[in-house]
Amino acid sequence: MNAERILALRRDRWERLGALLERVQARGMAALLPGEVREFARLYRESAADLARLRTAGTEAEVEQYLERLVAGGHNALYRAGGEGARGIGLGRFLLHRFPALVRRSAPALATAAALWVLGVLLAYAVAMVRPDLARDLCPQAYLDRAEAALVDRARTGHADYVRMDAAFLPLWSSTLVANNVQATFVVFAFGVTAGVGTAVLLLLNGMLFGAVAAVFSGEGVAGVFWTFVAAHGPVEIPAFLIAGAAGLRVGGALLRPGAFTRRDALVREAVDAGRLLGGTTVLLAVAALIEAFVSPARIPAAEKVVVGLAAGGAVLAWILLGGRGTRGEEEGPPLPSLGDGPASVLRRGRRP
Amino acid sequence: MDLRERVTVETPEMVEFSYEVAGLGSRFTAGLVDAALQGGGVLAILLLFWAGDESIAFADYAASALRGLLLVSLFLFVWFYHVFFEVFRGGQSPGKRLFRMRVVAEGGFPCTLPRASVRNLMRVVDILPIPYGIAGVVMFLDPKGRRLGDLAAGTVVVRERSAAVPAAVARARALTPEEREARRGLPPLEKELVRAFLQRRARLAPEARGRLAADLASRAAAALGVDGGADPEAFLEAVGEAAP
């Protein structure tokens, strides 16, 4: 068949595909009705075949480019890289199964992240034991002020809190905490791309900050104020931060030890997993921020805060250790293959008419 | 010779197509547009946040909750502006849409949520030391113009082709019975000559094109036993199997 006849016979279908594609690119596959989804897939396949035939017959560059755009758009809308589901697995299944399994598979990186953080804490605490003035230099002024305030409060009323706050402030404070914590978590992950060096440094620094603040409070003789404040939300917040650190270290590890892959392929494989780890971390941080805002500063006995902390920490531990077991093959999905090695699944269901 | 960098994709149907990689300059301008939009949004949220008397607002639980929500939305807006558009709007943030670019995963696949998250969180590294210093150097060195976030997420920013229907497609139509009859009557040699001419005529010098068209038209007219008419090229289009 010559090019002219292909054009005459097929142009209506191409224009129809173009019209459908415009809607899909603006609002996703959901913009199509179920019947149109099937039509879209059929038109895409036909146009791909037309493109091959036109190249054999020979045609103007302009026509070939026009058809290439349609085929590229259809391919982009219909196919997914191997290992990436057609529409994601849903938040519930992700949190219950995939995320905990991912964390378990990242155990070596998580252990390294935890070791770096604990090293930071111990280092700062040890320095503070020898040279308290150095520890004070490590602490931002805000923390020093809080320690002073706690000291003054206790002298005056016999009781001290880590923060003094009106109940009205709590929602605002809580959202500030989510924003700050998630931000710190994102940054510790992102610096994984510096071969993990940035992530390691940030983990160490964060640990040192924690250790230094603890040391300053105990140096002032108000250690209890700090620890009871941290007891409730720490068991959720610290693991979240460490998991993000582990995600960053995995990205760095891919650059340092790519194994059987090229550095770039290894980087992409690890980074997509790391992106998923980060998604779960964000949820953990939101929970931690709620506790930090509503339980940690509350005027309740220290023992109750510790109980909340233990319960929350225990829940996180059980979740990470047990979540997704028994559904292994399906929930963890195949390991992400190298890029461009074919379709995972083709069609997503469209909106009901 | 075409020096523009391309990425080639082979579909499961065994058909190849290629994307042209978006250059540093256009990505920078698109980035400026997005940054301006983001800046405007942040400013709007902050104005809402500062609206009203502080002392009253802070004493009121509802106002505090509202401000909390505003802060969360500010956070989402700053961190997830690009992620949202790349996942749910076909890989095009408003800036990229304006400058006809699109983010795709390598292999021509769509940019999924984990990829978009990685690509955009890595911005905090790419943006260093001066605005996008690292990104600029990495994009300059990488043949496909990827910044660190792209390299990690396995994504490429490609140029979007024009959606305009080419003239040849727009004017393509089925043959009338007379035209089909005329073509059938053309002997194989003339048929091949006319086809070759129609395919190559755009690249011929004008005088050579006119001379060839006139020669061929009279030859084809003689073979068919008809009158060639005033416009030789129109006659050849009508009787020849054109490659448009």
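Among the aliphatic types (A, V, I, L, M), modelled with pLDDT of 80 or more and either part of a loop (DSSP other than H, G, I, E, B) or out of contact with any Gly (no Cβ under 6 Å at 6 or more places or on another chain) (or both): does that describe B:Val156? It is true that B:Val156 is among the aliphatic types (A, V, I, L, M), modelled with pLDDT of 80 or more and either part of a loop (DSSP other than H, G, I, E, B) or out of contact with any Gly (no Cβ under 6 Å at 6 or more places or on another chain) (or both). A single entry from B:Ala208, B:Ala213, B:Ala220 fulfils the requirement of being surrounded by 13 or more Cβ atoms within 10 Å (Cβ to Cβ), without any contact (Cβ under 8 Å) to a residue 24 or more places away in the chain and more than 12 Å from every other protein chain (Cβ to nearest Cβ): B:Ala213. Under the condition of being modelled with pLDDT under 85 and touching a His at 6+ places or on another chain (Cβ under 6 Å), the residues counted in the range B:116-125 number 0. On inspection, A:Gly248 qualifies as touching a Ser or Thr at 6+ places or on another chain (Cβ under 7 Å), at pLDDT 90 or above and surrounded by 19 or more Cβ atoms within 10 Å (Cβ to Cβ). Against the list (1) within 19 Å of B:Gly108 (Cα to Cα); (2) more than 40 Å from the chain's Cα centre (by Cα); (3) more than 10 Å from chain B (Cβ to nearest Cβ), the condition A:Thr56 fails is (1).
Just checking: which of the helices (runs of 4 or more DSSP H) contained wholly in the range A:127-190 hold 2 or more residues that are of a type in the set (A, V, I, L, M) and modelled with pLDDT under 75? Lay out the reasoning, then the answer.
On the way: elements: A:132-138, A:141-157, A:170-190.
Passing ranges, in order: A:170-190.
Residue count for the range B:23-42 under the criterion of being within 14 Å of chain A (Cβ to nearest Cβ) and closer than 30 Å to A:Leu54 by Cβ: the result is 0.
Where helices (runs of 4 or more DSSP H) sit wholly within the range B:10-115, those with at least 1 residues that are touching a residue at least 12 places away in the same chain (Cβ under 8 Å) and out of contact with any His (no Cβ under 8 Å at 6 or more places or on another chain) occupy B:24-50, B:61-88, B:94-98. What do you reckon, is B:Ser55 at pLDDT below 80, among the small types (Gly, Ala, Ser) and in the same structural domain as B:Gly136 (by TED's automatic domain parsing)? Yes, satisfied.
All of A:Ala109, A:Ala61, A:Ala101, A:Ala81 fail the test of being within 14 Å of chain B (Cβ to nearest Cβ), within 26 Å of A:Asp265 (Cα to Cα) and among the small types (Gly, Ala, Ser), apart from A:Ala81. Suppose the filter is within 29 Å of B:Ser93 (Cβ to Cβ), in contact with a strand residue (DSSP E or B) (Cβ under 9 Å, 6 or more places away or on another chain), of a type in the set (Gly, Ala, Ser) and at pLDDT below 90; does A:Gly82 pass it? So A:Gly82 fits the description; yes.
In a residue-by-residue description of the range A:261-275, the property of being modelled with pLDDT of 85 or more and outside any helix (DSSP H, G or I) applies to at least one position.
Across the range B:135-166, the number of residues qualifying as closer than 30 Å to A:Glu64 by Cα, touching a residue at least 12 places away in the same chain (Cβ under 8 Å) and among the β-branched types (Val, Ile, Thr) comes to 4.
When you look at A:Val306, is it at pLDDT below 90, assigned by TED's automatic domain parsing to the domain that holds A:Ala114 and in contact with a Gly (Cβ under 9 Å, 6 or more places away or on another chain), yes or no? No. Looking at B:Leu70, B:Leu98, just one residue is within 9 Å of chain A (Cβ to nearest Cβ) and either of a type outside the set (A, V, I, L, M, F, W, C) or on the phi < 0 side of the Ramachandran plot (or both), and that residue is B:Leu70.
The values are calculated or read from the model by the stated rules, or taken from the named source; none is laboratory data. Nothing here was measured: the structure is a model prediction, and the numbers come from that model. Please note: Cβ atoms are built from the backbone with ideal geometry, for glycine as well, and neighbour counts cover all protein chains shown.
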